[in-house]
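Right, one structure below, let's go through it.
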Amino acid sequence: MTVEVRRGSELGEEYRTAIAEVYVDGFGEHLEYFSKDRRKLVETFEHMLVLDLFHVALVDGRPAAIAACTDGVEVSTRHDARVLRKHLGLIKGTIADIGFRREFKQSWAQAEPRTASIEFVATAAAFRGRGVATALLRHMLAFPQFKTYVLEDIADTNAPALGLYEKLGFREFKRKKVRHTKRTGINAYVSMRLTQA
């Protein structure tokens, strides 16, 4: 299996829906409060992905894994509250807007020179366990402009992701409890860091 990594903006808008499908595959269980309809979730969230900051692992031309990489100042998602309300309704759309503004609209508070923030790592269900996310992350860890890489807010329930990041050399440096355990099943968000020589 050959994995090719491309920037989302290089692939273009015609790939936006396929990239959003990988996003929903990766985070859908945490979005079920808004809808259990996978198609609705894709249509709701595809507009917000900043394709210039997302990198896509392709297998046979098909998006198999995604991850965003920023300098900690740029934000990798930009949502439109009107789009959220259109697809999710007034109440759930407003809740999504408030939650996303709180979680994703701010730049990373600890942004430092030569430090990258890796965000929204997700693998399509059909490609899990096949090394696609590993290939994508290794590609990103070779970016010459960065020395340190940080992964913020990884769900403590996501054992496969935590194991992969640890295998690549990331180490936990922070853990914060969450208030939405009953809704999402997540107890805490884990943050990990890797600094290369």
So in segment 108-120, with the set limited to residues that are modelled with pLDDT under 90 and open to solvent by less than 60 Å² (accessible area, probe 1.4 Å), which one is farthest from residue 30 (Cα to Cα)?
111
Within segment 6-28, track down each residue that is surrounded by fewer than 16 Cβ atoms within 10 Å (Cβ to Cβ), without any contact (Cβ under 8 Å) to a residue 40 or more places away in the chain and over 14 Å from residue 65 (Cα atoms).
10, 12, 13, 14
Give me the helices (runs of 4 or more DSSP H) completely within segment 124-197, filtered to those with at least 3 residues that are surrounded by 18 or more Cβ atoms within 10 Å (Cβ to Cβ) and among the hydrophobic types (A, V, I, L, M, F, W, C), ordered by residue number.
132-140
Out of 81, 96, which single residue is open to solvent by 10 Å² or more (accessible area, probe 1.4 Å), touching a helix residue (DSSP H, G or I) at 6+ places or on another chain (Cβ under 9 Å) and over 26 Å from residue 144 (Cα atoms)?
81
Under 8 Å by Cβ, and 6 or more places apart or on different chains, what pairs join a residue from segment 47-60 that is under 20 Å from residue 73 (Cα atoms) with one that is of a type in the set (Asp, Glu)?
48/80; 50/74; 51/13; 53/74
Output the residues belonging to segment 56-75 that are surrounded by fewer than 21 Cβ atoms within 10 Å (Cβ to Cβ) and at negative phi.
58, 59, 62, 70, 71, 73, 74, 75
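Here are some residues: 27, 54, 34, 45. Which one is of a type in the set (A, V, I, L, M, F, W, C) and farther than 19 Å from residue 123 by Cα?
Numbers: 27 fails: farther than 19 Å from residue 123 by Cα; 54 fails: farther than 19 Å from residue 123 by Cα; 45 fails: farther than 19 Å from residue 123 by Cα.
It is 34.
Kindly indicate which of 44, 77, 70 is modelled with pLDDT of 95 or more and of a type in the set (S, T, N, Q). Steps first, please.
Details: 77 fails: modelled with pLDDT of 95 or more; 70 fails: modelled with pLDDT of 95 or more.
Sole residue among the options that is modelled with pLDDT of 95 or more and of a type in the set (S, T, N, Q): 44.
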How many residues, within segment 29-51, are open to solvent by 20 Å² or more (accessible area, probe 1.4 Å) and out of contact with any Gly (no Cβ under 7 Å at 6 or more places or on another chain)?
13
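The values are calculated or read from the model by the stated rules, or taken from the named source; none is laboratory data. Note that this is a predicted model, so its numbers are computed, not measured. Cβ: placed from backbone, ideal geometry, glycine included. Neighbour counts: every protein chain shown. All accessible areas refer to the heavy atoms of the entire protein, side chains included, with ligands and DNA or RNA removed. Shrake-Rupley method; radii C 1.70, N 1.55, O 1.52, S 1.80 Å.
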